[in-house]
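Okay, so here's the structure we're looking at.
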Amino acid sequence: MFISRFIKWVIGEKKQWRQYKTRAKQLPASYRTALEALERYLMYFGTGGDGTAIYADLLDLFEQSAANRTPIRQIVGEDPVEFIETFVRNYPKGQWILRERERLTQALERAAAEQTQGS
Amino acid sequence: MSKQMTEMLKGTLEGIVLAILSVQPEYGYEITARLRDMGFSDIAEGTVYALLVRIEQRGLVVVEKVPSEKGPPRKVYSLNAEGRAYLDEFWRTWRFLTERLASLQKKGSR
């Protein structure tokens, strides 16, 4: 049961990824270059558990922008790093950093509570 | 746009976009165009798009996909009840903030 669900998940993801790649290839060259640069950054930065949704949404943005001939600077703004990191924060599902934020919050709570009791 | 303007806009853009949507449903590109008309000339398309993704995930808007003759289907955003409630809260907060700042400015200029 678990194995079959896992296989289905992997195949589903792979299929979505291939569809994404096919659509991305159809973008005009400069839009494709920009999208691939963001994609590369995400590979290192991480998207958390919901990897496919963020790529699909970015692709939507670039397809629409290409159709409207919006200049690339007007899509991502002056600071592409800030753009992509703000963007990633919209997809928190399963992201490891969320667990670490939770851990940090709890550790500080414990430390503060210990201090109140101690004094 | 100045650095200060960019920073201040970060905290208010969500409310501004919801206010635009409260007038009528809009496409992402129209929202950016409206913001540019309002004088926010440097606003990036991606900034608005990321914000729309967020308010959609938070359930403040209803999204309808409409086929377009060029490019992919376009998403039309309209406010739902939660979005309106959120916008009301935004305006209350905004009034509070502007009143306080105005009185601070008056005191300072004396």
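The values are calculated or read from the model by the stated rules, or taken from the named source; none is laboratory data. Computed from a predicted structure; not experimentally measured. When we count neighbours, we look across all protein chains shown, and the Cβ atoms used for this are built from the backbone with ideal geometry, even at glycine. Accessible surface is based on the protein model in full, side chains and every heavy atom, while ligands, DNA and RNA are left aside. Shrake-Rupley method; radii C 1.70, N 1.55, O 1.52, S 1.80 Å.
For the reader, a short list of remarks on this structure follows.
- When the helices (runs of 4 or more DSSP H) confined to segment B:1-92 are screened for residues that are away from chain A (no Cβ under 14 Å) and hydroxyl-bearing (S, T, Y), those reaching at least 1 such residues are found at B:3-23.
- The set of residues from segment B:67-88 being open to solvent by 40 Å² or more (accessible area, probe 1.4 Å) and either at pLDDT 95 or above or among the β-branched types (V, I, T) (or both) comprises B:A81, B:E82, B:R84, B:A85, B:Y86, B:D88.
- Some residue of segment A:95-109 being within 14 Å of chain B (Cβ to nearest Cβ), farther than 30 Å from B:A33 by Cα and either assigned to a helix (DSSP H, G or I) or modelled with pLDDT under 85 (or both): yes
- Flag if A:L38 is farther than 20 Å from B:Y29 by Cα, assigned to a helix (DSSP H, G or I), touching a helix residue (DSSP H, G or I) at 6+ places or on another chain (Cβ under 7 Å) and not charged (D, E, K, R): yes
- Unique residue being on the phi < 0 side of the Ramachandran plot, open to solvent by 90 Å² or more (accessible area, probe 1.4 Å) and either modelled with pLDDT under 95 or in contact with a helix residue (DSSP H, G or I) (Cβ under 9 Å, 6 or more places away or on another chain) (or both) when the list is B:R58, B:R36: B:R58
- Single condition A:E78 does not satisfy, out of (1) of a type outside the set (V, I, T); (2) under 24 Å from B:S68 (Cβ atoms); (3) at the interface with chain B (Cβ under 8 Å from one of its Cβ atoms): (2)
- Failed item, numbered, when A:D60 is tested on (1) modelled with pLDDT of 85 or more; (2) within 14 Å of chain B (Cβ to nearest Cβ); (3) open to solvent by 60 Å² or more (accessible area, probe 1.4 Å): (3)
- Scanning segment B:1-30 for residues that are under 23 Å from B:R92 (Cβ atoms) and buried (at least 16 other Cβ atoms within 10 Å of the Cβ) yields B:L9, B:L13, B:E14, B:G15, B:I16, B:V17, B:L18, B:I20, B:L21.
- Qualifying residue in segment A:41-55 (condition: part of a helix (DSSP H, G or I), exposed (fewer than 14 other Cβ atoms within 10 Å of the Cβ), modelled with pLDDT of 90 or more and not polar (S, T, N, Q)): no
- Selection of first residues in segment A:5-31 that are farther than 20 Å from A:I72 by Cα and of second residues that are of a type in the set (S, T, N, Q), restricted to Cβ pairs under 8 Å at least 6 apart or on distinct chains, gives the following pairs, ordered by first then second residue: A:E13/A:T52; A:Q16/A:T52; A:W17/A:T52.
- In segment B:87-101, the residues that are of a type in the set (V, I, T) form Cβ pairs under 9 Å with partners that are surrounded by 13 or more Cβ atoms within 10 Å (Cβ to Cβ), at six or more places apart or across chains, as follows: B:T93/B:G15.
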